[in-house]
Amino acid sequence: VSIHAPLNKYTENLFNYETLKKMKSSAVLLNLGRGPIVNDADLVKALNEGVIAAAGLDVITTEPVAKDNPLLTIKDSNKLIVTPHVAWATYEARTRLMDEIYLNIRAYMDGRAKCYWIIYIFIMNMWTVRILVIARVRFLK
């Protein structure tokens with residue numbers, strides 16, 4: 001299960017112990033959305049008990065990780081991989097991102113329909129991309 005959802009009142013703690021118990025024991029949970037979508041303590045409990053096989057987190061509830069974060073108490077560290085919230089930042093991903101943003105802006109300026117919401121999401125959530133989008137717009141005019 002790969003999570004790519006925004007955090008809101010419907011998604012906060014969506015993956016708690018009860019939800020995790022409904023998954024297959026061979027399941028791997030990936031959270032690439034927002035940290036609080038997955039309850040850290042419940043995830044650790046599920047991993048320690050073998051309720052699910054493994055988890056990969058690009059986001060956690062509190063960043064940077066606090067000293068008392070339950071994720072630090074995992075019994076088998078092979079069941080949990082945590083990346084520093086930069087899983088999207090490969091050269092290829094950033095290049096594709098900038099190409100898509102450029103095409104969206106170009107389509108908008110040419111009066112053609114395109115997926116404008118992609119630009120909005122990245123402008124609102126990633127400061128560095130926001131700067132690049134503004135710079136790219138200036139070059140287009």
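The values are calculated or read from the model by the stated rules, or taken from the named source; none is laboratory data. As the structure is a computational prediction, the values presented were derived from the model and not from experiment. So basically every Cβ, Gly included, is an ideal-geometry build from the backbone, and we count neighbours across all protein chains shown. Surface areas here come from the heavy atoms of the whole protein model, side chains and all, with no ligands, DNA or RNA. Shrake-Rupley method; radii C 1.70, N 1.55, O 1.52, S 1.80 Å.
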Quick check on segment 29-36. Is at least one of its residues more than 18 Å from the chain's Cα centre (by Cα) and farther than 19 Å from residue 68 by Cα? no
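Every residue, every condition in (1) within 30 Å of residue 19 (Cα to Cα); (2) part of a loop (DSSP other than H, G, I, E, B); (3) in contact with a strand residue (DSSP E or B) (Cβ under 6 Å, 6 or more places away or on another chain), yes or no:
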residue: 46; (1), (2), (3): yes, no, no
residue: 51; (1), (2), (3): yes, yes, no
residue: 68; (1), (2), (3): yes, yes, no
residue: 84; (1), (2), (3): yes, yes, no
residue: 98; (1), (2), (3): no, no, no
residue: 101; (1), (2), (3): no, no, no
residue: 105; (1), (2), (3): no, no, no
residue: 111; (1), (2), (3): no, yes, no
Can you find, within segment 1-33, the residue that is modelled with the lowest pLDDT among those that are closer than 17 Å to residue 80 by Cα, in a loop (DSSP other than H, G, I, E, B) and open to solvent by 30 Å² or more (accessible area, probe 1.4 Å)? 32
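Filter segment 37-50 down to residues that are surrounded by 19 or more Cβ atoms within 10 Å (Cβ to Cβ) and not small (Gly, Ala, Ser) and give me whichever is farthest from residue 8 (Cα to Cα). First the steps, then the outcome.
Here is the first cut: in segment 37-50, the residues surrounded by 19 or more Cβ atoms within 10 Å (Cβ to Cβ) are 37-40, 42-44, 46-47.
In the following step, the residues that additionally are not small (Gly, Ala, Ser) were identified as 37-40, 42-44, 47.
Values: 37: 9, 38: 12, 39: 14, 40: 17, 42: 19, 43: 19, 44: 22, 47: 25 Å.
The residue in question is 47.
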Among the residues of segment 51-63, are any touching a Leu at 6+ places or on another chain (Cβ under 6 Å), hydroxyl-bearing (Ser, Thr, Tyr), surrounded by fewer than 15 Cβ atoms within 10 Å (Cβ to Cβ) and within 21 Å of residue 84 (Cα to Cα)? no
